[in-house]
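The block underneath contains the structure these notes are about, expressed in structure tokens.
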Amino acid sequence: MKIKTILVCVMIMTSFIGLKADEGSHLWLKHQTGANGNIKVLGRLTPTLSLAVHELQNGWTGMPIVLKKQKDKSLQNEGFRINPQSHNILVTSPSDVGLLYAAYYLLRSQSCNQPLTNTVIDNPFYERRLLNHWDNLDRTVERGYAGKSIWEWDVLPDSVSDRYEAYARANASIGINGTVLNNVNASPEMLSKEYLQKVETIANILRPYGIKVYLSVNFASPMVIGGLPTADPLDKHVVKWWKDKAKEIYQIIPDFGGFLVKANSEGQPGPCDYQRTHAEGANMLADALKPYNGIVMWRTFVYNPEDADRAKQAYLEFYPLDGKFRDNVILQVKNGPVDFQPREPYTPLFGAMSHTKTMPEFQITQEYLGHANHLAYLAPMWEEFNQQVNPASQKALAGVANIGTDTNWTGHPFGQSNWYAFGRLAWNPYLTSEQIADEWLKQTFTTDSAFVEPVKAMMLDSREAVVNYMMPLGLHHLFAFGHHYGPEPWCDVPGARPDWLPSYYHKADKQGLGFDRSSTGSGATAQYPDSLAKLYDNINTCPEEYILWFHHTPWGHKMKNGRTLWEELCYKYNEGVQQARSFQQTWDAAQPYVDAEVFQQVQEKLKMQTLDAMWWRDACLLYFQQYSEMPIPLELERPVYNLEEMKQFKINIDNHENAPHGFK
Ligand code: GCW
């Protein structure tokens, strides 16, 4: 062999190996490079269009492609049409970003081996598809489990990380078109001139990818950085301060998206501090942004230990304000009425506010689903929500990001699938979890069905497994205080807010288990539409996956399968452990198809997940058994941990000491 040929072979081999050992940094964007695709643009080459051309030239191996911007009655601004013709593929969209989305569509189809035969017309379902970063200015990330914040505030705007563009590209590839850069527990500093210049740099990098920047704002900003004596939304100096601030922002970032606000929640300032309503607060900000087409996303996550059942409070506070919000205000409502638990029924505000815009907030980061240690594919949870709340009644979608500085972005390699699934569902809420998992696996690993089919089945089971081993049958918030990782159904922190303690939610006693939210209890069932309220209110018709959410259920209550509540609880916890074990088997069988490092990383995490599942099962069953006084059915595994010992474990989440096993 000639030296040149050998060299080429070595280069091809190393680039192949290089891709295999990519440690996850390329996410799902692993399509071939150097394809030399034949791409033509009709019209002006804008920065966004250049990106589309570049992506296709690099990755497209099919027929020549013609990209053309043109009006089209069947298309929204960001939608696209792909028309395979005899000698080429004609791709059109009313906008440049629509053509970029089409490029990613084509590359995805190619990676998934989906042939293009018919014309494709694809429009985004929601106009705004946003990530929310809970990232602080000191680069810590609230509820972040994947390293530090990717936003390097300390060195911006002079130094610009390569990650910003990689982030933009990944988001554009799945249709995300907005990002809130900072934590909803917002530092007023964010709106200072100095920080706005840093934001400008990020906005400039994201813009060609069709992504707008938004900011979380602290309601007391006029006091903290403006030196005013009040932040009262009806005070004319306060109104002027926000108007001036909006003007300043838009001078720097002309396409700025708007504000996200957490007000009068968990100690944050807000209009209620001045006896004003949430509507008065939101409208004041909305008026300031209105001249520039900016919006306010106002969160409904409010609750107070002195008030009613926590699950009822968002509704009680906001429902009376229906119709009182400006048209550029959208209420951002968490999917469930408590807080991103492994399973919750939907928040009854959805659908109830017929004269107010609402948008769901999902949590991609796994605050309550095992952090970045557990494999939990969340699309089935969001699909379940979309089956309960008609997506057409919603105006936008937000997801709390799981992204950080880790090489693989999300800590757990399978955490990437949740970022991916969120974007895909924001584009099309009618995609199935199965379809999304299939796409993600094929793009991220291989199209080989010997790998895809079993691993997909594992993903599809994984959220239910977490529900089973953590909180089956509608149990919720049994977490250890603060870090929300392991089980502490017994948790009692002297002086803590009662609504931050598990006993507030599980109400275990000698009679039974669960929160009575029926008409004999807190009456939360009445916040749902009549037919559902009736269904949930009756213990015999309430879906069993919510029975302990809505009913204080007697230990001996007969479940549909004939078991008592206690027995069923034991079975569910055991099923969760068995599922985690089966994931280990599935993954070991997948070894030949996966890069060695990623294989090992997932394998280690699955071991931890199984240990955690056993920890959860034993902690919860042994704790509740003190009340049920019933035996664990003999056919089930015996506890391996001991309740009194477990009560002594106090995980230090920072140095991971004192866990009952290898918690890392
Ligand atoms: O679930 C709670 C989290 C807080 C979070 C809050 C919220 C950003 O534990 O960390 O604060 O929800 O959504 O505002």
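Scanning segment 445-466 for residues that are in contact with a Pro (Cβ under 8 Å, 6 or more places away or on another chain) and open to solvent by 10 Å² or more (accessible area, probe 1.4 Å) returns 460, 464.
One residue is enough: does segment 418-440 have a residue meeting the conditions modelled with pLDDT of 95 or more, over 18 Å from the mean Cα position of the chain (by Cα) and of a type outside the set (S, T, N, Q)? Checked segment 418-440: at least one residue is modelled with pLDDT of 95 or more, over 18 Å from the mean Cα position of the chain (by Cα) and of a type outside the set (S, T, N, Q).
Number of residues in segment 264-294 that are open to solvent by less than 10 Å² (accessible area, probe 1.4 Å) and touching an Asp or Glu at 6+ places or on another chain (Cβ under 9 Å) equals 4. For segment 514-537, state whether one or more residues are in contact with a strand residue (DSSP E or B) (Cβ under 7 Å, 6 or more places away or on another chain), open to solvent by less than 30 Å² (accessible area, probe 1.4 Å) and outside any helix (DSSP H, G or I). Yes, because at least one residue in segment 514-537 is in contact with a strand residue (DSSP E or B) (Cβ under 7 Å, 6 or more places away or on another chain), open to solvent by less than 30 Å² (accessible area, probe 1.4 Å) and outside any helix (DSSP H, G or I).
For the condition assigned by TED's automatic domain parsing to the domain that holds residue 332, within 16 Å of the ligand (Cβ to nearest atom), out of contact with any Ser or Thr (no Cβ under 6 Å at 6 or more places or on another chain) and acidic (Asp, Glu), residue 165 does not qualify.
Among the residues of segment 242-263, those identified as surrounded by 21 or more Cβ atoms within 10 Å (Cβ to Cβ) and of a type in the set (Phe, Trp, Tyr) are 242, 256, 259. Would you be able to say whether some residue in segment 445-454 is under 21 Å from the mean Cα position of the chain (by Cα) and either more than 28 Å from residue 22 (Cα to Cα) or outside the structural domain of residue 385 (by TED's automatic domain parsing) (or both)? Looking through segment 445-454, none of the residues is under 21 Å from the mean Cα position of the chain (by Cα) and either more than 28 Å from residue 22 (Cα to Cα) or outside the structural domain of residue 385 (by TED's automatic domain parsing) (or both). Taking the criterion of being without any contact (Cβ under 8 Å) to a residue 60 or more places away in the chain and open to solvent by less than 10 Å² (accessible area, probe 1.4 Å), the residues of segment 159-174 that qualify are 164, 168.
The residues of segment 602-644 that are of a type in the set (Lys, Arg) and within 30 Å of the chain's Cα centre (by Cα), listed by number, are 605, 607, 617. Restricting attention to segment 88-102, which residues are of a type in the set (A, V, I, L, M, F, W, C) and either out of contact with any strand residue (DSSP E or B) (no Cβ under 8 Å at 6 or more places or on another chain) or surrounded by fewer than 19 Cβ atoms within 10 Å (Cβ to Cβ) (or both)? Selection gives 90, 97, 100.
Which is at pLDDT below 95 and over 22 Å from residue 593 (Cα atoms), of 82, 3, 12? When all the criteria are applied, what remains is 3.
For residue 230, indicate whether it is more than 25 Å from residue 290 (Cβ to Cβ) and either surrounded by 21 or more Cβ atoms within 10 Å (Cβ to Cβ) or among the hydroxyl-bearing types (Ser, Thr, Tyr) (or both). Here the answer is no, as residue 230 does not meet what is asked. Among the residues making up segment 247-271, those that are out of contact with any strand residue (DSSP E or B) (no Cβ under 9 Å at 6 or more places or on another chain), away from the ligand (no atom under 16 Å from the Cβ) and not charged (D, E, K, R) are 250, 251, 252, 254, 271.
Among the conditions (1) open to solvent by 10 Å² or more (accessible area, probe 1.4 Å); (2) farther than 25 Å from residue 375 by Cα; (3) in contact with a His (Cβ under 9 Å, 6 or more places away or on another chain), residue 508 misses just one, which is (3). Kindly provide the set of residues from segment 48-107 that are assigned to a loop (DSSP other than H, G, I, E, B), polar (S, T, N, Q) and more than 17 Å from residue 206 (Cα to Cα), ordered by number. Those that are assigned to a loop (DSSP other than H, G, I, E, B), polar (S, T, N, Q) and more than 17 Å from residue 206 (Cα to Cα): 61, 70, 74, 76, 77, 85, 86, 88. If you check residue 77 against the conditions, is it assigned by TED's automatic domain parsing to the domain that holds residue 107 and at negative phi? Considered against the rule, which asks whether it is assigned by TED's automatic domain parsing to the domain that holds residue 107 and at negative phi, residue 77 comes out as yes. For residue 314, work out the one condition from (1) under 27 Å from the mean Cα position of the chain (by Cα); (2) more than 16 Å from the ligand (Cβ to nearest atom); (3) in a helix (DSSP H, G or I) it doesn't fulfil. Tallying (1) under 27 Å from the mean Cα position of the chain (by Cα); (2) more than 16 Å from the ligand (Cβ to nearest atom); (3) in a helix (DSSP H, G or I), residue 314 fails exactly one: (2). Among the residues of segment 128-135, is there at least one that is out of contact with any strand residue (DSSP E or B) (no Cβ under 9 Å at 6 or more places or on another chain) and open to solvent by 10 Å² or more (accessible area, probe 1.4 Å)? Within segment 128-135, none of the residues are out of contact with any strand residue (DSSP E or B) (no Cβ under 9 Å at 6 or more places or on another chain) and open to solvent by 10 Å² or more (accessible area, probe 1.4 Å). Within segment 406-443, if we keep just the residues that are assigned to a helix (DSSP H, G or I) and open to solvent by 10 Å² or more (accessible area, probe 1.4 Å), the residue that is farthest from residue 172 (Cα to Cα) turns out to be 434.
Rundown of residues vs (1) under 34 Å from the mean Cα position of the chain (by Cα); (2) open to solvent by less than 40 Å² (accessible area, probe 1.4 Å); (3) without any contact (Cβ under 8 Å) to a residue 40 or more places away in the chain, yes/no style:
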{"residue": "42", "(1), (2), (3)": "no, no, yes"}
{"residue": "47", "(1), (2), (3)": "yes, no, no"}
{"residue": "55", "(1), (2), (3)": "yes, yes, no"}
{"residue": "60", "(1), (2), (3)": "yes, yes, no"}
{"residue": "64", "(1), (2), (3)": "no, no, yes"}
{"residue": "69", "(1), (2), (3)": "yes, no, yes"}
{"residue": "75", "(1), (2), (3)": "yes, yes, no"}
{"residue": "81", "(1), (2), (3)": "yes, no, no"}
{"residue": "86", "(1), (2), (3)": "no, no, yes"}
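Would you check if there is a residue in segment 518-531 being without any contact (Cβ under 8 Å) to a residue 40 or more places away in the chain, within 15 Å of the ligand (Cβ to nearest atom) and closer than 23 Å to residue 467 by Cβ? No, every residue in segment 518-531 fails to be without any contact (Cβ under 8 Å) to a residue 40 or more places away in the chain, within 15 Å of the ligand (Cβ to nearest atom) and closer than 23 Å to residue 467 by Cβ. Whether a residue is open to solvent by 10 Å² or more (accessible area, probe 1.4 Å), modelled with pLDDT of 95 or more and not basic (Lys, Arg) was assessed, and residue 327 passes this test. Could you say whether any residue in segment 230-239 is more than 23 Å from the chain's Cα centre (by Cα), in a helix (DSSP H, G or I) and among the hydroxyl-bearing types (Ser, Thr, Tyr)? No, every residue in segment 230-239 fails to be more than 23 Å from the chain's Cα centre (by Cα), in a helix (DSSP H, G or I) and among the hydroxyl-bearing types (Ser, Thr, Tyr). Selection over segment 331-374 of residues that are touching a residue at least 60 places away in the same chain (Cβ under 8 Å), away from the ligand (no atom under 16 Å from the Cβ) and open to solvent by 10 Å² or more (accessible area, probe 1.4 Å) gives a count of 3. What number of residues within segment 134-148 satisfy the criterion of being farther than 21 Å from residue 605 by Cα and under 16 Å from the mean Cα position of the chain (by Cα)? Qualifying residue count, segment 134-148: 4. Restricting attention to segment 296-311, and to residues there that are in a loop (DSSP other than H, G, I, E, B) and among the aliphatic types (A, V, I, L, M), which single residue is nearest to the ligand (Cβ to nearest atom)? If we take residues in segment 296-311 being in a loop (DSSP other than H, G, I, E, B) and among the aliphatic types (A, V, I, L, M), then 302 is nearest to the ligand (Cβ to nearest atom).
A single member of 204, 177 is open to solvent by 10 Å² or more (accessible area, probe 1.4 Å), more than 16 Å from the ligand (Cβ to nearest atom), under 23 Å from residue 126 (Cβ atoms) and at pLDDT 95 or above, and it is 177. The criterion of being more than 26 Å from the chain's Cα centre (by Cα) and at pLDDT 95 or above does not hold for residue 549.
The values are calculated or read from the model by the stated rules, or taken from the named source; none is laboratory data. As the structure is a computational prediction, the values presented were derived from the model and not from experiment. Positions of Cβ are generated from backbone atoms using ideal geometry, with glycine treated the same way; all protein chains shown enter the neighbour counts. The area values use the complete protein model at the heavy-atom level, side chains included, leaving out ligands, DNA and RNA. Shrake-Rupley method; radii C 1.70, N 1.55, O 1.52, S 1.80 Å.
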